[in-house]
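Below you'll find the structure, written out as structure tokens, and then a few comments.
The values are calculated or read from the model by the stated rules, or taken from the named source; none is laboratory data. Worth saying up front: this structure is predicted, and the values here are computed from it rather than measured. Backbone-built Cβ (ideal geometry, glycine too); neighbour counts: all protein chains shown. Just so you know, the surface numbers come from the protein's heavy atoms only, side chains and all, with ligands and any DNA or RNA stripped out. Shrake-Rupley method; radii C 1.70, N 1.55, O 1.52, S 1.80 Å.
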Number of protein chains: 2
Amino acid sequence: MSDGPALAIGIDVGGTKTAVVVTDETDRVLYERTVPTNADAWTDQIVGLVRETVAALESRADEVLGVGLAVPGHVDSRQGTVRMAVNVVRDEVALAAVCQAATGLPTVIEHDARAAAFWLYRRDRTPNVAYLTVGTGIAAGLVLDGVLLRGATGLAGEVGHVLADPDGPICPCGMRGCLEAVAAGPAIARAARERWATDPSATVLSADASAADVFDAARRGDAVATAVVEMAARHLARAIRGLVLAFGVDRVVIGGGVAAAGDTLLAPIRRELHDERKASGLAETALAGTSIEILPPGTNAGARGAAALAREAAVTAPAAAR
Amino acid sequence: MSDGPALAIGIDVGGTKTAVVVTDETDRVLYERTVPTNADAWTDQIVGLVRETVAALESRADEVLGVGLAVPGHVDSRQGTVRMAVNVVRDEVALAAVCQAATGLPTVIEHDARAAAFWLYRRDRTPNVAYLTVGTGIAAGLVLDGVLLRGATGLAGEVGHVLADPDGPICPCGMRGCLEAVAAGPAIARAARERWATDPSATVLSADASAADVFDAARRGDAVATAVVEMAARHLARAIRGLVLAFGVDRVVIGGGVAAAGDTLLAPIRRELHDERKASGLAETALAGTSIEILPPGTNAGARGAAALAREAAVTAPAAAR
């Protein structure tokens, strides 16, 4: 394929915004665009974005091999379907087939966290990597020995609903004390508001504080905000220890809206893991060689991973099938 | 290889006993033996068992392709080494090379839970399976899409040290509230003894109750023992939910000493999972098609898996290397 067309379109459909990239076979970004997600006309918006992107490529439009869609929810990449994508769809949608029929371009679909993990693996050649997305929800994408993990159920990586605290609040999923219920953006905001309600004078935060407000206040030294951040960081550190011990990965990259906090989140996570390594020889063995990173803000890892998966599908598919 | 020799010796070295099997290419057991583990002369004992097993095969001794060793601890199957095997070794031992040099037979080594998971996968053709061993410690072996998971660190499957209860006791590993610290055999025994100390008249259990005693008493209706079993079952059920959600497996098999309790353990685990499925659509989706089983007592899954791995290594290795 080295002398053939090798551009791929990747689209990461989030709850609030949708990112589009076009990359070439060296993963160079030729085109990048972000628009608000139109949750009422999801598939129409995707099809429109593909057409506009192809048009924007002008003379290179013929070089587009295919489209990759990174979406939240329960994704079956083999069937090309998605369901239970919070805020967007609940019934099963044959998204890959719909997009392919409307655009004429081969289309693949993948869970957004898995697409991001695949991109990190390919870009940096790290064959055992977990991408942990922390935003409105929490999920992981996992590449193990160079293979993207999807699972028998298509649900592999749903670590947001692994137990974090048996005494924690009820999760939106219905179970008690899920990681998502104690460490995702809404959980951070709720914990801050609860502390504000107890003693409003103790903090600069207000009754409608967001997770971003909490990190801002923590950065400026607010004690209440700092305590909330440390609570979330403790839960995330334990989840990272779990990813490393259970999956045997040696690289964990944190992304999603909450990761925009950068070092304000990463520093307390690292402190927690440092304490566990001091306490336990096993934790030291597992974590000593493990890289814990935050995805640089503005990196469209999901969209770039989706493009990489589209390129891989085009290259490995029999020519007759295209 | 179908018309060549195809016998393999599998040895599962446990903390208290060591099981030896010989299986043929159809996984039929031709020879089976269990002896007490000699922790002071571990490698000598293994070498002696291999020699005695070959001798016992008499005219078929020439058909032995190789040896597989299933061991606890931190196993590097690529290097053929093991360390941190509780009760047995702490320094790194090049066990595969030592055994191979002494017996002249190609030897592979694998973590005992991984060997058992591999055997379950091969026997039943279930490509996404977790084997959860619950005994003195807790660990998992995982086969994902037909591939045995080892991890970058060789520690994949160390789910005994994933957090189960932030307020739980300190684990022997040094961290607080690990799954092993609340649901392994010693944790079950300790919880029973603590309840006995509070009110000895409330239970048939005594100050030196073992985990097996606790299950026996629960089976006979003792309320204190039943409460302890339900506590352990709750933690194990949450861990199983975590395995299913994080890894996407659709089959979980529980083995190890504690699994000898059979339905006395399995029934409360299933009740817990049933409650979670009623509470959460996500849990229902993930768990509805998931099989939760207990390994039948007396099944030498680790030894049979080690034999299967030895056979696979012999078949895939270049002939010149043997």
Test: residue in segment A:254-268 that is within 14 Å of chain B (Cβ to nearest Cβ) and not polar (S, T, N, Q): no
First in segment B:143-164 and of a type in the set (Lys, Arg), second anywhere and open to solvent by less than 10 Å² (accessible area, probe 1.4 Å), Cβ under 9 Å, 6 or more apart: B:150/A:248; B:150/B:75; B:150/B:110; B:150/B:114; B:150/B:156; B:150/B:157
Subset of segment B:78-110 (residues that are of a type in the set (Lys, Arg) and either at pLDDT 90 or above or assigned to a loop (DSSP other than H, G, I, E, B) (or both)): B:78, B:90
Unmet requirement for residue B:149, which otherwise passes all of (1) open to solvent by less than 10 Å² (accessible area, probe 1.4 Å); (2) over 21 Å from residue B:181 (Cβ atoms): (1)
Filter result for residue B:113 (modelled with pLDDT of 95 or more, surrounded by 24 or more Cβ atoms within 10 Å (Cβ to Cβ) and assigned to a helix (DSSP H, G or I)): yes
Among residues of segment B:236-260, those that are of a type in the set (A, V, I, L, M, F, W, C), touching a residue at least 12 places away in the same chain (Cβ under 8 Å) and either over 16 Å from residue B:284 (Cβ atoms) or open to solvent by 10 Å² or more (accessible area, probe 1.4 Å) (or both), counted: 11
Of all residues making up segment A:39-77, the number that are modelled with pLDDT of 90 or more and loosely packed, with under 15 Cβ neighbours inside 10 Å: 9
Given (1) open to solvent by less than 10 Å² (accessible area, probe 1.4 Å); (2) more than 8 Å from chain A (Cβ to nearest Cβ), number of the condition residue B:155 does not satisfy: (2)
Which numbered condition residue A:82 fails, given (1) touching an Asp or Glu at 6+ places or on another chain (Cβ under 6 Å); (2) crowded, with 24+ Cβ neighbours inside 10 Å; (3) without any contact (Cβ under 8 Å) to a residue 40 or more places away in the chain: (1)
Segment A:24-70, residues that are out of contact with any strand residue (DSSP E or B) (no Cβ under 9 Å at 6 or more places or on another chain) and closer than 17 Å to residue A:13 by Cβ: A:40, A:41, A:44, A:47, A:48, A:51
Residues (farther than 20 Å from residue A:307 by Cβ, in contact with a strand residue (DSSP E or B) (Cβ under 9 Å, 6 or more places away or on another chain) and away from every other protein chain (no Cβ under 12 Å)) located in segment A:133-152: A:134, A:135
Residue in segment A:186-197 that is open to solvent by 10 Å² or more (accessible area, probe 1.4 Å), closer than 21 Å to residue B:240 by Cα and small (Gly, Ala, Ser) present: no
Residues within segment B:165-176 that are within 21 Å of residue B:214 (Cα to Cα) and open to solvent by less than 10 Å² (accessible area, probe 1.4 Å), tallied: 2
Unique residue being in contact with a His (Cβ under 9 Å, 6 or more places away or on another chain) and either closer than 27 Å to residue A:314 by Cβ or away from chain B (no Cβ under 14 Å) (or both) when the list is A:110, A:92: A:92
Which numbered condition residue A:271 fails, given (1) over 15 Å from residue A:134 (Cβ atoms); (2) within 14 Å of chain B (Cβ to nearest Cβ): (2)
Tally, over segment A:116-132, of residues that are more than 12 Å from residue A:304 (Cα to Cα), open to solvent by 30 Å² or more (accessible area, probe 1.4 Å) and away from chain B (no Cβ under 13 Å): 1
Residue match in segment B:166-180 (condition: within 11 Å of chain A (Cβ to nearest Cβ), in a loop (DSSP other than H, G, I, E, B), in contact with a helix residue (DSSP H, G or I) (Cβ under 8 Å, 6 or more places away or on another chain) and small (Gly, Ala, Ser)): yes
Residue under evaluation residue A:2, criteria (1) part of a helix (DSSP H, G or I); (2) modelled with pLDDT under 95, criterion not met: (1)
Criterion: of a type in the set (Gly, Ala, Ser), open to solvent by 10 Å² or more (accessible area, probe 1.4 Å) and part of a loop (DSSP other than H, G, I, E, B) - qualifying residue of A:207, A:212: A:207
